[in-house]
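All of the numbers you see were taken from the coordinates with simple rules; none came from a lab. Since the structure is predicted, the reported quantities are computational estimates derived from the model, not experimental observations. Neighbour counts run over all protein chains shown; Cβ positions are idealised from the backbone, glycine included.
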Amino acid sequence: MDAVLRELSRVTLEGRQLADVLGEITAIAARAVPGAEAVSTTLVRADKAFTAAYSGELALQADELQYEEDSGPCIDAGRGGVVLRIDDVRTEVRWPAYMARVRATTAVRSSLSVPLPYQGSSIGALNMYSTEPAAFATGSSLAAGLGVAEAIAVAVANADAHAQLADQARNMRLAMESRAVIEQAKGVLMAQRHVDAEQAFEVLREASQRYNRKLRDIAAGIVESTQTPR
């Protein structure tokens with residue numbers, strides 16, 4: 001477990017795409033979690049599950065079967081925030097539709113799905129697969145999986161925070177640009193119609209309502225009209 005944590009602590013989050021970070025962490029899990037032959041990271045967004053990163057085709061195959069059925073341990077772990085372990089797909093009675101397909105089309109014999117904790121809820125799951133039965137029956141597999149799941153959750157939270165900051169900066173820039181063009185349009189109307197600033201803004205507002213267009217677009221049209229060569 002200490003070795004897993006050391007590897008995870010060296011993963012850089014700053015300035016990287018979330019997909020790259022998740023790919024690196026998922027690869028660490030594939031090497032470090034006892035029993036894991038293939039590993040995937042499932043994220044749940046707007047109740048839709050998808051594989052954000054994987055190491056080993058076996059994991060992707062098993063994940064995709066669950067998405068098609070909308071049923072399986074990775075989906076239930078991701079949505080419900082519970083750890084789900086399958087010791088042998090040949091005798092497992094939960095998720096019958098998925099079990100039938102995974103037995104028929106893959107070499108998976110056992111799996112472990114650990115939820116990704118995020119602000120008191122779950123945003124997905126870390127999924128580990130093996131071609132051997134009971135590969136994750138020891139506590140060491142779960143302990144390592146929980147450590148990796150925590151690292152994934154931190155990476156997702158970091159990416160979400162950066163996205164929110166970017167959105168806020170973009171919205172602030174747009175607001176400042178809108179305000180600037182509206183002030184320019186008011187100046188044009190004040191000069192053309194000999195009205196004060198409040199009256200000029202009322203002209204813009206009425207035009208916005210009459211033509212069902214944004215106030216900024218009306219203002220931009222007025223400013224552009226003064227720059228068009230006659």
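What residues have an amide H closer than 5 Å to that of residue 124, excluding those fewer than 5 places away on the same chain, when H is modeled at 1.01 Å from N in the peptide plane?
The answer is 44, 116.
I need the phi-derived Karplus couplings for region 188-196: 6.51 cos²θ - 1.76 cosθ + 1.60, θ = phi - 60°, integer Hz, Gly and Pro marked x.
4, 5, 4, 6, 6, 10, 6, 10, 8
Please give, to one decimal in nm, the separation of the simple spin-label points placed at residue 94 and residue 188, each 7 Å out from Cα toward the Cβ.
6.5 nm
Which whole-Hz ³J(HN,Hα) couplings does region 219-224 yield from phi under the Karplus relation 6.51 cos²θ - 1.76 cosθ + 1.60, θ = phi - 60°, glycine and proline marked x?
These are the phi-based 3J(HN,Hα) values: 4, 4, x, 5, 5, 5 Hz.
Going by how many other Cβ atoms sit within 10 Å of their own, how do 48, 186 line up, fewest first? Write out the running numbers ahead of the final one.
Numbers: 48 9, 186 21.
Going from sparsest to densest Cβ surroundings: 48, 186.
Could you give the length gained by full extension between residue 199 and residue 82, i.e. 0.36 nm per residue of separation minus their alpha carbon distance, to one decimal place? Don't skip to the answer; put the middle values down first.
On the way: separation 117, 0.36 × 117 = 42.12 nm, distance 6.15 nm.
Taking residue 199 through residue 82 to full extension adds about 36.0 nm, to one decimal.
Based only on other Cβ atoms within 10 Å, what is the fewest-to-most ordering of 118, 211, 98, 129?
On the way: 118 16, 211 11, 98 23, 129 33.
Ascending number of Cβ neighbours within 10 Å: 211, 118, 98, 129.
Which net charge results when you count Lys and Arg as +1 and Asp and Glu as -1 among the other residues whose beta-carbon is under 13 Å from that of residue 40? Spell out each step's value before the answer.
Numbers: positive: none; negative: 37, 57, 63, 64.
Around residue 40, the surrounding residues sum to -4.
So, counting K/R as plus one and D/E as minus one, what does the shell of residues with Cβ under 14 Å around residue 85 add up to? Each step should come with its number before you reach the end.
Numbers: positive: 94, 109; negative: 76, 87, 88, 92, 132.
Value of the local net charge: -3.
Can you run phi through the Karplus equation (6.51, -1.76, 1.60; θ = phi - 60°) for region 102-118 and list ³J(HN,Hα) in whole Hz, with x for Gly and Pro?
The phi angles translate into 5, 5, 7, 10, 10, 9, 5, 10, 8, 8, 9, 10, 10, x, 9, x, 7 Hz.
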